[in-house]
Amino acid sequence: MSIDFEQVTTRTGDGGRTSDYSGRQDWKNAPVFGLLGDLDELGSWLGVVKHLGSGRRPLEEAQRLLLTIGSLVATDPGLSAQGEVTSPVYQKLTRVTGDDVEALEVWERALMSRVQLKPHFVLTGGTKKAAWCDVARTVCRRAERSLVAFIRAEARVDLTTAARWINRLSDVLFVLARVYAKR
């Protein structure tokens, strides 16, 4: 099955407005779309890092979870006054779990066993691979700030585990960069 031109070029956003997955219309510069752009950019940077060497499978899993987070952000959960999700569309979506956070921590520990980190600030880069990881880490931190702002502004407590996961991902990218800088 292939996608045709009209599925890519819909022209619906030519006036500066677009829709989220729930069908809600807003301006393209609304915070939700800024956050979705930050998540998309992070996924692209993970694609760059993925091709540097080690960690291909965990980085692909991270890219998939970023798509999951994007779908959660782009869908109105229909939260009740008690914080219960009422949207049938949202209820069908995959969520980021504590197990996902734990998986990143396991990977981070494995990476840390390969490099000795000093208790001070480091100059980023060191090698081309380390530099790309450091760029991905800074984009990850921006996505985290955007997500936290969105959670606070929209009372989206359903996304707090996703925020923890993104925080942990930035830690992994920091350590991975130090591993690459060591080489």
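The numbers here are math on the coordinates, done by the rules we state, and not lab data. Predicted model only: the values in this text are computed from it and were never measured. All Cβ positions, even for glycine, are placed from backbone atoms using ideal geometry, and neighbour counts span all protein chains on display.
Each residue of region 132-149 in turn: what ³J(HN,Hα) in whole Hz from Karplus with 6.51, -1.76, 1.60 and θ = phi - 60°, glycine and Pro shown as x?
5, 5, 5, 5, 4, 5, 5, 5, 4, 4, 5, 4, 5, 4, 5, 5, 4, 4
Which three lengths, in whole Å and largest first, does region 130-183 cover when its Cα atoms are put on their principal axes?
Extents along the principal axes, in whole Å: 44, 15, 8.
Could you work out how far the C-alpha centroid of region 30-92 sits from that of region 105-166, in angstrom?
Centre-to-centre (Cα) distance: 15 Å.
Relative contact order for the chain: what percent, with Cα pairs under 8 Å and sequence separation of 6 or more?
Once normalised by length, the contact order is 24 percent.
Before anything else, pin down the relative contact order of region 17-113: Cα pairs under 8 Å, at least 6 apart, normalised by residue count, whole percent.
22 percent
May I ask for the net charge around Glu61, where only other residues with Cβ less than 12 Å from the Cβ of Glu61 are counted and Lys, Arg are +1 while Asp, Glu are -1?
Here the count lands on +1.
Would you please put 23-33, 60-70, 151-161, 79-89 in order of how densely packed they are, using the mean number of other Cβ atoms within 10 angstrom per residue and starting with the highest?
So the peptides 23-33, 60-70, 151-161, 79-89, ranked by packing, come out 60-70, 151-161, 23-33, 79-89.
Rg and Dmax of region 1-98, Cα atoms, in Å?
When restricted to Cα atoms, region 1-98 yields Rg and Dmax of 16.0, 47 Å.
Can you list which of the chymotrypsin sites (Phe, Trp or Tyr not before Pro) found in region 69-149 are DSSP loop residues with at most 14 other C-beta atoms within 10 Å?
Here the chymotrypsin sites (Phe, Trp or Tyr not before Pro) that fit, given the DSSP loop and packing criteria, are Phe121.
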